[in-house]
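Notes follow once the structure below has been shown.
The values are calculated or read from the model by the stated rules, or taken from the named source; none is laboratory data. Bear in mind that the values here come from a model prediction, so they are computed numbers and not experimental data. Calculation scope for accessible area: heavy atoms of the full protein, side chains included, ligands and nucleic acids excluded. Shrake-Rupley method; radii C 1.70, N 1.55, O 1.52, S 1.80 Å.
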Amino acid sequence: MAHLSTGDMLRAAVKDQTPVGLQAKAAMDAGELVTDEIVVGIINDRITKDDCGNGFILDGFPRTVPQTLALDTMLSENNEQVTAVVELVIDDSELESRICGRWIHKASGRSYHASYPPAMPKSLVASGSHIPSEENMLDDVTGEPLMQRADDKPEVSRRWNWQSLSVVPCPSVAVFSALHLFFCDAGTQVSSESVPRPNCSHCGTLRTHWYEIVA
């Protein structure tokens, strides 16, 4: 079953310089969210590929009720439907650490992480430092400097992730609970430092909610 990450699909569209990819690039470079219309269009094109013939897992979309309804509409037009939803619930501080620790080698697409030992570049380990920088974050194969995507940097990540996504995903839970199979993974414990927001009506937590969609 194909695993479709919206981020990977967007980056592929950007790399191919498709019209929708150029629109996505402008938004990502500005640290903004790509519009629902762009993402749904990319997904619609991608699920026609042969590797999706037996179904697919959609990672990172939808996150809001409008996105949920747009996805259902698009799938129904293709005689498809969501058959299961897996919810991943994670503490905000852990989520920030995972997002902001990501570094990539742009030319090859190889990815690394600044705080997860199995994914650390050899250069960071050899430096003995716990603080990543352009000097100690180098590609294991070429030795070239790694980079962070604009939307993975702390100042940008906090703005779009915590302020835009921490509150709005929970309504999608109610939609999927009513329409599809739903599984909730409680994940890590809630930190007292979590950003205050209304409890999720489904699981009662204060955690940020992410979804894996199986169709």
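A probe of 1.4 angstrom, applied to the heavy atoms of all protein chains, finds Met1 with accessible area near 140 square angstrom. In terms of Cα atoms, the Rg and Dmax of segment 74-148 work out to 17.5, 54 Å. Across segment 23-34, computed HN-Hα scalar couplings (Karplus, 6.51 cos²θ - 1.76 cosθ + 1.60, θ = phi - 60°) run 5, 5, 4, 4, 5, 5, 4, 8, x, 9, 6, 6 Hz from first to last residue, x flagging Gly and Pro. Rolling a 1.4 angstrom probe over segment 81-148 with all protein chains present gives an accessible area of which 57% lies on carbon and sulfur atoms.
Shown here: segment 26-74, whose C-alpha atoms stretch 36, 23, 15 Å along the first, second and third principal axes, sorted largest to smallest.
Of the residues Thr64, Thr83, the one with the largest accessible area comes first in the ranking Thr83, Thr64, computed with a 1.4 Å probe on protein heavy atoms.
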